[in-house]
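Single-structure report; data block below.
A short reminder: the numbers here are calculations on the coordinates, not readings from a lab. On a predicted model such as this, the values are computed, not experimentally measured, just so you know. Neighbour counts run over all protein chains shown; Cβ positions are idealised from the backbone, glycine included.
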Amino acid sequence: MGRIISQGFVDSLKRKAKRLERERRELTHSQALDLIAQQEGYENWSLLARNVERCTGMKRVTERYPYTIHLRGIARDSKRELTMRLSSKHPAAHYEKQHWIHWTLQGGSRRSDSEATAVMTDPGERNLWHRLVRAQRMVSFLDATDLRASRSTRAVYGSHSIPGCFDHDCLWKDPEGRYIVTVEPYMRWGHPDEIRSLCDSNEWQYELLPKGYGLWLPCDASCGPECESHTRMFVISPKRQGGDLQATVRAILSMPRLWPDIVADTAPCLSV
Ligand SMILES: [Zn+2]
């Protein structure tokens, strides 16, 4: 499994290596760095540094929207705070009620504020980390597709309940009031075949997106082509009042595939 770390975290590791070097005079500077990298699960410092370059290089793509959201995540188990900065098309309040975001805006943020602080708390740091990353993916998904979360399940499923094979499903409405459904099964344990046959029998159009796209737990840069441990996204346009499937798919595929720059207030050890 790969490991994602931010530049802020690397700087704290460098300081740690300096301290180690002072304590153990026999070590050279590069030996101290290698030892610190090994504590973080890397073979040596240059491998760790390469990972960071990859992570920070990709996230720059996001700096293209007029609004900034400072997202603070508070983990109750470790008492640590993880922070992240998002660039968005709309003010933070626009995203508050969307699927899976669940953050609280601080300091009475108004709908027009170009900067806002949002807070997320979680009992566990690892889960919090996933929620922060998911919120980031969700914001870029909403910005790319112009969809909004919808609760009108009756419009799509009629009197039926949401199909049991729909893992991590979300219902969306486009600006014209048409519906799109996204479903994200784990490919190994999920229900991809059931989803396909359900769509076929209802005459719902669908596309299965390539690996690495999606909201719940898509593949990351460390996954090989054989990976089946992550989720993949089906984009579905229902027969009744269905939205433009191809336009939605194109918008999602245009999303920057990025690594978040999460900074912790003390040195974290975050693996994904
Ligand atoms: Zn994967």
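Details
- Cα long-axis angle, helix 7-23 against the chain (0 to 90 degrees, to the nearest 10): 20 degrees
- Couplings for segment 162-168, taken from phi via the Karplus curve 6.51 cos²θ - 1.76 cosθ + 1.60 with θ = phi - 60°, read 5, x, x, 7, 7, 7, 6 Hz in order; Gly and Pro are left as x.
- Close amide H contacts of T121 (hydrogens built in the peptide plane, cut-off under 5 Å, sequence separation of 5 or more or a different chain): I74.
- Sites K239 and E115 - FRET efficiency at Förster radius 35 Å, r taken between beta-carbons, to 0.05: 0.25
- For S78, the residues 5 or more places off, or on other chains, whose built amide H falls under 5 Å of its own are E125.
- Helix 45-59 vs. the chain, principal-axis angle (Cα, 0 to 90°, nearest 10): 40 degrees
- The DSSP beta bridges internal to the chain are antiparallel in roughly 75% of cases.
- Estimated FRET transfer efficiency (R126, L47; beta-carbon r; R0 22 Å; 0.05): 0.45
- What the phi angles of segment 87-102 give under the Karplus curve with 6.51, -1.76 and 1.60, with θ = phi - 60°, is a coupling list of 9, 9, 6, 10, x, 3, 4, 4, 9, 4, 9, 7, 3, 6, 8, 6 Hz, glycine and proline written as x.
- Qualifying GluC sites (Glu not before Pro) in segment 96-189, where qualification requires a DSSP coil assignment and no more than 16 other C-beta atoms within 10 Å, comprise E96, E176.
- Residue order, fewest to most surrounding Cβ atoms within 10 angstrom, among D11, D167, D244: D11, D244, D167
- A straight chain from R25 to D77 at 0.36 nm per residue would run longer than the Cα-Cα distance by 15.1 nm.
- Couplings 3J(HN,Hα) of segment 126-133, computed from phi: 5, 5, 4, 4, 4, 5, 5, 5 Hz, in residue order, whole Hz [Karplus 6.51 cos²θ - 1.76 cosθ + 1.60, θ = phi - 60°; x for Gly and Pro].
- Taking 0.36 nm per residue of separation and subtracting the current Cα-Cα distance, fully stretching the chain between E228 and K14 would add 73.5 nm.
- Cα gyration tensor category, rounded, prolate or oblate, for segment 104-151 with a/c compared to 1.5: oblate
- Amide N of segment 149-191 lying under 20 Å from the label point, which is placed 7 angstrom from the Cα of K89 along Cα→Cβ: 149-151, 170-183
- Close amide H contacts of T231 (hydrogens built in the peptide plane, cut-off under 5 Å, sequence separation of 5 or more or a different chain): L217, C219.
- Computed over neighbours whose Cβ is under 13 Å from that of D122, the net charge equals +4, Lys and Arg +1, Asp and Glu -1.
- Given K211/K239; K14/K97; K173/K211, the pairs whose alpha carbons are separated by over 28 Å: K14/K97
- Prolate/oblate/rounded label for segment 146-215 (Cα gyration tensor, a/c 1.5): oblate
- Alpha carbon centroid spacing (whole Å) that separates segment 183-257 from segment 92-138: 24 Å
- Descending principal axes extents, the chain, alpha-carbon based, whole Å: 72, 46, 33
- With an a/c value of 1.5 or above and a/b not larger than b/c for the gyration tensor axes a ≥ b ≥ c computed over the alpha-carbon atoms, segment 92-230 is described as oblate.
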